[in-house]
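The values are calculated or read from the model by the stated rules, or taken from the named source; none is laboratory data. This is a predicted model, so every value here is computed, not measured. Cβ placement follows ideal geometry from the backbone for every residue including glycine, while neighbour counts extend to all protein chains displayed.
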Amino acid sequence: MDLLIEQKALKIGNILNFLMAVSGIVVFILSNSKAVLIDGLFSFIQFISTIVAVKISKDLSTSSLKQYPLGQYSKETLYVLFRSLLIIILLVASVFSGISTITTFFTNPDLIPKINLISIIINGIIMTILCFGLSILYKSYNKKIGNCSDVLKAESMGANLDGIISAGTAIAFVLFKTIPFLKPLLPISDAILVLLLSGFFAIQPIQLLINQINILSYKRLHHKLEKDLTLSIKYQLPYLKIHDIFISRLGKFTEIYITLSLDGKFSIDELDELRSQIKEIINSKMKNTQILIMFSNLI
């Protein structure tokens, strides 16, 4: 059910992504604004990545346990990682484009194309409304499934970013056109804006990229959750000696590794009963879990 809700949100959102991508490219042709082109390319990345996201969501619901014993949940993390990397590459390319335009302005200003301000403002208003509407859509659908979809979180973040870029682009061009001391810089206002936006909005995808790398490398990230889970198990099973609990979240899936230090000898039936009790405690607090319990009397 969760995956069907996720897929529905992505399919609706992708129609808007495609329209925004086409709009950005068309307005770039009409306005000669690279900032608008970047906005359109950003929407195109959203469009392509959403197609991949829908495919991943379907894979999760149809994966073979024989072929993928632990499921394909790591694909969600890989998706967010590569999507973040793609956005970073776009922003880096934007920075080089902006620097090139500014350099050309000082060396050969006649080569700087004139910008059609009206088409940029109209496009900015429409794109801003669509982007923030799309972000709200993703957040609404993610809320229905307990905010457990990293894919919808990433798409919502991307739509927010796209909306702010669209609004910022339109507003900045108006400022360069109307404020006296900024008017001389109007020919390179597009490039200046590209540099500012690229630098400011690189923070989120970089943080997301680092986080996904940490997840895939199984770095300990959920200290509080591990501590709370340890206390819950000890409260209900006070005789247990818990050596370690490690939690790793891969998208909507949570892997929990528990190492227990046991004194004495236990039969297989006793260990199975203990394992069942621990899993029952965990599943009462969390869903979509894979629980691996290791027993040892040597710790």
Residue match in the range 260-270 (condition: in contact with a helix residue (DSSP H, G or I) (Cβ under 7 Å, 6 or more places away or on another chain) and either surrounded by fewer than 16 Cβ atoms within 10 Å (Cβ to Cβ) or more than 30 Å from Leu3 (Cβ to Cβ) (or both)): no
Qualifying residue in the range 97-116 (condition: modelled with pLDDT under 85, assigned to a helix (DSSP H, G or I) and charged (D, E, K, R)): yes
Subset of the range 133-159 (residues that are under 15 Å from Ala21 (Cα atoms) and at pLDDT 85 or above): Leu134
Any helices (runs of 4 or more DSSP H) falling wholly within the range 191-299 and containing at least 1 residues that are under 30 Å from Ser84 (Cα atoms) and at pLDDT below 90: 203-216
Output for the range 102-121, where each listed residue is in contact (Cβ under 8 Å) with a residue 40 or more places away in the chain and either among the polar types (S, T, N, Q) or out of contact with any helix residue (DSSP H, G or I) (no Cβ under 7 Å at 6 or more places or on another chain) (or both): Pro113, Lys114, Asn116, Ser119
Among residues of the range 89-138, those that are surrounded by fewer than 19 Cβ atoms within 10 Å (Cβ to Cβ) and either basic (Lys, Arg) or touching a Pro at 6+ places or on another chain (Cβ under 8 Å) (or both), counted: 4
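A quick yes/no check of all residues on (1) of a type outside the set (A, V, I, L, M); (2) more than 27 Å from the chain's Cα centre (by Cα):
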{"residue": "Asn147", "(1), (2)": "yes, no"}
{"residue": "Val151", "(1), (2)": "no, no"}
{"residue": "Ser156", "(1), (2)": "yes, no"}
{"residue": "Leu161", "(1), (2)": "no, no"}
{"residue": "Thr169", "(1), (2)": "yes, no"}
{"residue": "Phe173", "(1), (2)": "yes, yes"}
{"residue": "Pro180", "(1), (2)": "yes, yes"}
{"residue": "Ala191", "(1), (2)": "no, no"}
{"residue": "Val194", "(1), (2)": "no, no"}
Test: residue in the range 75-87 that is of a type in the set (D, E, K, R), out of contact with any Asp or Glu (no Cβ under 6 Å at 6 or more places or on another chain), assigned to a helix (DSSP H, G or I) and at pLDDT below 85: yes
